[in-house]
Amino acid sequence: MSESSALKLPPGEGIIIDYHQLESVLARLEGLIETNGNVFKAKFPDQDSWVYNICDPEMAKHILVSNYKNYKKGVGIKQINVLLGRGIIVSEGDLWKRQRKMMQPLFSNKLLSHQLPLMISCADKLLASWDDDIKAGKPINMTESMSQTALDFILHALFSEDLDRIIEETGENPFLMVTDDSARDLLFARRFRQLTHLVNDMMQRRRAENRQPYDLLTMVMNATEKRSGEAMPEKLQIDEILTLIIAGHETTASVLNWTWYLLAQHTDIQQQVWAESQQHVGAEGMPGMEEIAQLTLTRQVLDESMRLYPPVWVLTRQALADDHFNGIDIPAGTDILIPPYLMHRNPAYWPEPEKFDPQRFSPDNIKKQHVGAYLPFAIGPRRCIGDSMAIQEMAVHIGRIIQKVHFELLPDQTIELEPLVNLRPKKDIFLQAIYR
């Protein structure tokens, strides 16, 4: 499509949005949707090409599922590339397909079953760390706690015995920078990439000692391409490990933070989740996969939490070739922004969208949902590969902790959004924890 041809573009002539002004961008987009509809175009302040903003589920499905091959990752991917190298979050084309297939076994039911005791242990350890504060009536910093426990799980799932060895030998956990520094700028990316040497040392030490503990690092090291039998190149192995650290930490920490915040405001639902957990999990002992699968209300609560506060608030794509959908032309090179945060608040698909209602995700109601209207893990072939592990980890966490503790929202606590890479509160969320 040439600019001289009569392109059928969405509304939005003259709209300029500075997406770097993150504090105001969500409110700005919300207002523009009200005046321009669910699909409109805009421009960045520093470039002349169009950016399509899409809150239409049908068009989102077209871009992410039906014609996904015509779209690559878009705005912001260069910064993420500096952070994660060529891991499956940022890779494209044949490389992405190859990597995805080799990484898929990491999230099998067998491995999820193996990780269940670790998930329970991380929840129990977090609960024990709160004991003094709970007894003293001191509020719990949930934002900080969820970040710590999410990192605790993914690091032990990745490195198992080697993580404890490193901490013992060095006297510190070098991966704690992920929780200590909330910025995801170039300076953080450079510091984080320095961990490649540490991961490489672990890999070389395992090979030298002929050790293969049953963890994610071993599975990445042993991953091979089915047809050729070729192993994943070592540099890509390290990129995938670093990708798992960031992705496995950020999403879980964000969702749990918002979920406890919501449950603290809705005591009736919190009590229903407690009753479900009492029935199927119990405060002691080691529940199995069958018991965790029975936590249906807990899963609905997590789904509704991700609807209101999706961990990734915007998905980006860029058209590789000219495309056309529902009367709208999409020229090659067009940047696409699909904000799940706003999609999830579209009243045409979500009645009373601001209301916290886990029954939206009951088995009957899920059947009525539009596939493109709910995108917490994206949809289509590039859907988050670790979504099943994240959901199980979060369900176990809630089911275990709610057995012992009831949470209440502190009065006069103002929560404002900070839409960075992940959707965070500007200030940490504190909750009052009371032993049951």
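The figures follow:
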| read-out | value |
| --- | --- |
| Test: LEU320 is out of contact with any strand residue (DSSP E or B) (no Cβ under 8 Å at 6 or more places or on another chain) and at pLDDT 95 or above | no |
| Set ILE80, ILE88: member being among the hydrophobic types (A, V, I, L, M, F, W, C) and part of a helix (DSSP H, G or I) | ILE80 |
| Selection count, the stretch 335-348, where residues are more than 20 Å from the chain's Cα centre (by Cα) and modelled with pLDDT of 95 or more | 0 |
| Residue that is surrounded by the fewest Cβ atoms within 10 Å (Cβ to Cβ), among those in the stretch 28-68 that are touching a helix residue (DSSP H, G or I) at 6+ places or on another chain (Cβ under 7 Å) and not hydrophobic (A, V, I, L, M, F, W, C) | GLU30 |
| All positions within the stretch 149-198 that are within 18 Å of the chain's Cα centre (by Cα) and among the hydroxyl-bearing types (Ser, Thr, Tyr) | THR149, THR179, SER182 |
| Matching option when the condition is farther than 21 Å from VAL65 by Cα and surrounded by fewer than 22 Cβ atoms within 10 Å (Cβ to Cβ), among ARG383, ARG360 | ARG360 |
| Count of residues meeting criterion [within 22 Å of the chain's Cα centre (by Cα), more than 26 Å from LEU118 (Cα to Cα) and either part of a strand (DSSP E or B) or among the β-branched types (Val, Ile, Thr) (or both)] in the stretch 387-423 | 6 |
| LEU111 part of a helix (DSSP H, G or I), within 18 Å of the chain's Cα centre (by Cα) and among the hydrophobic types (A, V, I, L, M, F, W, C) | no |
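Residue-wise test of (1) in contact with a Leu (Cβ under 6 Å, 6 or more places away or on another chain); (2) of a type in the set (Lys, Arg); (3) within 27 Å of LEU116 (Cβ to Cβ); (4) in a helix (DSSP H, G or I).
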residue	(1), (2), (3), (4)
THR149	yes, no, yes, yes
ASP162	no, no, yes, yes
LEU187	no, no, no, yes
ARG190	no, yes, no, yes
ARG206	no, yes, yes, yes
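The values are calculated or read from the model by the stated rules, or taken from the named source; none is laboratory data. These numbers were taken from a predicted model, which means no experiment stands behind them. Every residue, glycine as well, gets a Cβ built from its backbone with ideal geometry; the counts of neighbours run over all protein chains shown.
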